[in-house]
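Heads up: the structure comes next, in structure tokens.
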Amino acid sequence: MTVTVANRQRAHKVNVARLKKLATVIGSDFQNLSIVLVGDAEMARLNLRYHDIPGTTDILTFDYGEGQGELIISAERAVAQARQFRSTAARELALYVVHGILHLRGYDDRTPAQQRRMRAAERRLLAQVRA
């Protein structure tokens, strides 16, 4: 498995090696996984372009098939939500990586039942790697 991490934002310090290690452990069923860290402005542009939704979001997930996937993550959202939930930005980023990998595995979170299933899987995987 190959994991690449590109940090395209400079506003927040990110432990890229930690994210790469987490993705390698959790996403071992993928051949290639790309993680791109951006700021809110870039994320809002991408969210509008790919989902026709104005405004920023925490993560966009792209499944290119045949074990190829990409996670685009807003580091700004991770920092803001960490403050809101009394967590750390590192933990939020780890959660986003796990969340994105679960989407690539076919999990969804549109309905309350799907959300419960995804949250349980997130907790299980984060506990497994102690992130």
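Only Cα pairs under 8 Å and 6+ residues apart enter the sum, and on that basis the relative contact order of the chain stands at 22 percent. Among residues other than Thr88 whose Cβ falls under 13 Å from its Cβ, what is the net charge (Lys/Arg +1, Asp/Glu -1)? Counting the neighbours of Thr88, the net charge comes to +4. If you average the C-alpha positions of the stretch 30-50 and of the stretch 62-102 separately, how far apart do those two centres end up, in angstrom? Comparing the Cα centres of the stretch 30-50 and the stretch 62-102, I get a distance of 10 Å. Proximity of backbone amide H atoms, modeled 1.01 Å from N, is registered between Leu37 and Ala6, Asn7, Arg8, Ile73 at under 5 Å, excluding neighbours fewer than 5 places apart on the same chain.
Per-atom-type breakdown for the stretch 88-131 gives carbon and sulfur 48% of the accessible area (1.4 Å probe, protein chains only). Taking all protein chains into account, the per residue accessible area for the chain stands at 57 Å² (1.4 Å probe).
Most tightly packed first, judged by the mean number of other beta-carbon atoms within 10 Å of their residues, the peptides 14-21, 32-39, 95-102, 114-121 read 95-102, 32-39, 14-21, 114-121. Subtracting the Cα-Cα distance of Gln114 and Tyr50 from 0.36 nm times their residue separation leaves 20.8 nm of extension gain. To put it simply, the accessible area of the stretch 1-62 at a 1.4 Å probe is 51 percent carbon and sulfur. Each label was represented as a point 7 Å from its Cα along the Cα-to-Cβ direction; for Tyr64 and Thr88 these points are 3.2 nm apart.
Only Cα pairs under 8 Å and 6+ residues apart enter the sum, and on that basis the relative contact order of the stretch 12-86 stands at 33 percent.
Remark on Thr56: its backbone amide H falls under 5 Å from none of the residues 5 or more positions apart or on other chains, H modelled at 1.01 Å from N.
Under a model in which nothing but the beta-carbon of Lys, Arg (+1) and Asp, Glu (-1) is charged, the chain shows a dipole of about 640 debye around its Cα centre. Summing +1 for each Lys or Arg and -1 for each Asp or Glu among the other residues whose beta-carbon sits under 10 angstrom from that of Arg105 gives -2.
Net length available on complete extension from Ala127 to Tyr107 is 5.4 nm, with 0.36 nm assigned per residue and the Cα-Cα distance removed.
The values are calculated or read from the model by the stated rules, or taken from the named source; none is laboratory data. Every value quoted in this text rests on a predicted model; they were computed, and no experiment measured them. Cβ atoms come from the backbone with ideal geometry, glycine included; neighbour counts cover every protein chain shown. Just the protein is used for accessible areas: all its heavy atoms, side chains included, with ligands, DNA and RNA removed. Shrake-Rupley method; radii C 1.70, N 1.55, O 1.52, S 1.80 Å.
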